[in-house]
1. If contacts are Cα pairs under 8 angstrom and at least 6 residues apart, what is the relative contact order of segment 111-216 in percent?
2. Only Cα pairs under 8 Å and at least 6 apart count here; give the relative contact order of the chain as a rounded whole percent.
3. Using the scaling law 2.2 N^0.38 Å as the reference, what is the normalised Cα Rg of segment 49-102?
4. Taking the simple approach of a point 7 Å from Cα along Cα-to-Cβ for both residue 89 and residue 334, what is their distance in nm?
5. Nearest 500 deg cm²/dmol is fine: what mean residue ellipticity at 222 nm does the chain get from its DSSP H runs of n ≥ 4 alone, each adding -39,500 (n - 2.57), divided by its residue count?
6. How do 79, 33 line up, fewest other C-beta atoms within 10 Å first?
7. Once segment 336-394 is represented by equal point scatterers at the alpha-carbon sites, with solvent omitted, what log10 I(q)/I(0) does the Debye formula produce at q = 0.17, 0.23, 0.30 Å⁻¹?
8. Arrange the following residues from fewest to most other Cβ atoms within 10 Å of their Cβ: 335, 203, 309.
């Protein structure tokens, strides 16, 4: 029997800090730093310094005159002026204050105010930097211990192109349900990947079949651990038979979300990386197989026939989506006041997987999914859809 009381005297709220905080030195921050993360589109690294904030760190992304991308901490190692005001040159980026220039690996290559341009002293200076690589139209950075740097993975979903297909990258946070930069903790969104039961309610009943009517059918769901994270297998009975939809949450932050259109068969064509900007904001970088340029920008959710940014405040209230549901939980949700139910098994499994990786890191082991063998960089994902056709009676 429930205790009858008012809201008076509630216990102080608590969040799962070990799973949500991403700064350097925090448990999750150190775990996330053992993986590669996208920090921009390939075209974002150019002659104009671009500020980026990743895992609570303020960085500058650029590309030197030789075409090499670089990612440096924004405060110049000399006197702390921001390299955002720097000038990109052939060999690196030059600080606006005294002209010190740093290469993409942080080495100081010029000190114009010093004797002999600092030939004797600049070798002792290094601007804090991170290693970057380009893949799938994105710039990826590794921000962890140098001796633990894994290979940058490839994914079968993005490697196996069909006739007429090519890859396209996107930085508009496809899948967030709203703005490009989402003002809440990254985990509030990433857990949503393992919450298929919200689809018929939020995206069907409340906001009016944002996908197709078939997706409003309450699915039968099975959740499983994988060697990459957690997956859900969703079954819906439709006219053609049993529609099977497999979605994966791949560590550290990858969304392998199968098509929500309940039609056709094939592998998932789009991957999204949920990038924690800091503890209370995130964005999503995506890469996908397309047949027409600009196709990714056309798959965003519609609400009452409009895109999210076209809605009035009253329409946001009347037709909420993932953005409203997750951001309204607060900057970091209060986990101590949750009441998880049987349909939250995917969320529970995902949290369990993360806790296991925190334990592995604390024990000096490598977390799930990191690989140091370049010959084994391809990751095989199962996400996709299929239909088991109905068998007509003899």
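Bear in mind these aren't lab numbers, they're just calculated from the coordinates by the rules spelled out. What you see is a predicted model; the values in this text were computed from it and never measured. For neighbour counting, all protein chains shown are included, and Cβ atoms are generated from backbone atoms with ideal geometry for every residue, glycine included.
1. On the way: 54 pairs, mean separation 12.6, N = 106.
For segment 111-216, the relative contact order is 12 percent.
2. Numbers: 847 pairs, mean separation 79.7, N = 394.
Computed over the chain, the figure is 20 percent.
3. Working: Rg = 10.3 Å, N = 54, 2.2 N^0.38 = 10.0 Å.
Its radius of gyration relative to the 2.2 N^0.38 Å reference: 1.03.
4. It is 5.6 nm.
5. On the way: 7 runs with 49 residues, N = 394.
Only helices count here, giving -3000 deg cm²/dmol.
6. Values: 79 10, 33 24.
Ascending Cβ contact count within 10 Å gives the list 79, 33.
7. -0.88, -1.05, -1.15
8. Numbers: 335 17, 203 22, 309 9.
The fewest-first ordering by Cβ neighbours comes to 309, 335, 203.
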